[in-house]
Amino acid sequence: MTIDELIENFQAQHAEKMEEFTKVESELQDPVLNPYGVTKIDFGKREDLRVDIIKLEGAIEALQLFKTL
């Protein structure tokens, strides 16, 4: 696998996680879907997604930096 392919793979994963994060955020703010407010489970899922997104962004940046060397 080339560096470009790895970057594309991580960008695709990042896009999927961002989509899922946006969905979770909208569900947490929707009073019909979440009438009692944020629960510990919902908050944990949101945090897990944030961590994954940050890791993927770091991996993409690292690969792009490596590619320029």
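Read the figures in this text as sums done on the coordinates, not as results from a lab. Computed from a predicted structure; not experimentally measured. Heads up, the Cβs are rebuilt from the backbone with ideal geometry, glycines too, and the neighbour counts pull from every protein chain shown.
Worth a mention:
- Dipole of the chain, positive direction: furthest Cα of Met1, Ser26, Thr68, with charges on the beta-carbon: Ser26
- Remark on the chain: Rg and Dmax equal 15.6, 52 Å (Cα only).
- Extension gain, Ile3 to Thr68, is 22.3 nm, computed as 0.36 nm per intervening residue step minus the present C-alpha separation.
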